[in-house]
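Each value in this text was obtained by applying a stated rule to the coordinates, not by laboratory testing. Remember, predicted model here, so these are calculated numbers, not experimental data. Every residue, glycine as well, gets a Cβ built from its backbone with ideal geometry; the counts of neighbours run over all protein chains shown.
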Amino acid sequence: MTNQVSASPSSKYFIGAGTASCGAWLEARKIRGAKALEMGGWVLGYVSGVNAGQQDSPDFLVDVDGPAILAWIDGYCPQPPLENLFTASNSLFYELMMRAALAGAKTK
């Protein structure tokens with residue numbers, strides 16, 4: 001995949017496989033080739049990077065593994081097939097943050 005630059009809904013830019021559509025994600029996951037590995041690596045890297053940047057927030061990747069993250073994107077993408085992978089990954093980030101916050105509230 002070429003390193004295209006696209007504007008996200010928050011007016012930030014991102015590059016790489018995150019510019020691909022959810023439809024492209026689903027097709028790549030069916031074929032299970034190099035494109036699926038590239039896209040999956042991008043998702044895992046994005047979520048890991050966002051987690052690392054959240055210094056004042058709970059670690060939302062505790063007890064979450066790579067296959068679970070990819071399966072979540074698989075389940076998310078059929079509904080908005082034209083949405084890009086960045087938006088899908090960002091939606092996952094928000095869900096994981098909410099879960100981490102709820103888990104933290106329950107343990108206090």
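What to note about this one:
- For region 49-108, the relative contact order is 45 percent, taking Cα pairs closer than 8 Å that sit 6 or more residues apart in sequence and dividing their mean separation by the residue count.
- The simple spin-label model puts a point 7 Å past each Cα toward its Cβ; for residue 59 and residue 30 those points are separated by 3.9 nm.
- Normalised contact order of the chain, rounded percent, pairs of Cα under 8 Å and 6 or more residues apart: 33 percent
- Here the Gaussian network model covers the chain, with springs between Cα atoms less than 10 Å apart; of 69, 15, 31, 31 fluctuates the most.
- Protection proxy ranking of 88-98, 51-61 - average other beta-carbon atoms within 10 Å, highest first: 88-98, 51-61
- On Cα atoms only, tilt of 34-53 relative to the major axis of the chain in degrees: 30 degrees
- Values of log10 I(q)/I(0), in the order q = 0.10, 0.17 Å⁻¹, for the chain under a Debye, Cα-only, solvent-free model: -0.29, -0.79
- Note on residue 95 and residue 74: their simple-model spin labels are 1.3 nm apart, each label 7 Å out from Cα toward Cβ.
- Taking Lys and Arg as +1 and Asp and Glu as -1, the other residues whose beta-carbon sits under 12 Å from that of residue 22 total -2.
- Neighbourhood charge, 14 Å Cβ-Cβ cut-off, centred on residue 92 and excluding it, Lys, Arg +1 and Asp, Glu -1: -3
- Residues 43, 62, 50, arranged from fewest to most other Cβ atoms within 10 angstrom of their Cβ, appear as 62, 50, 43.
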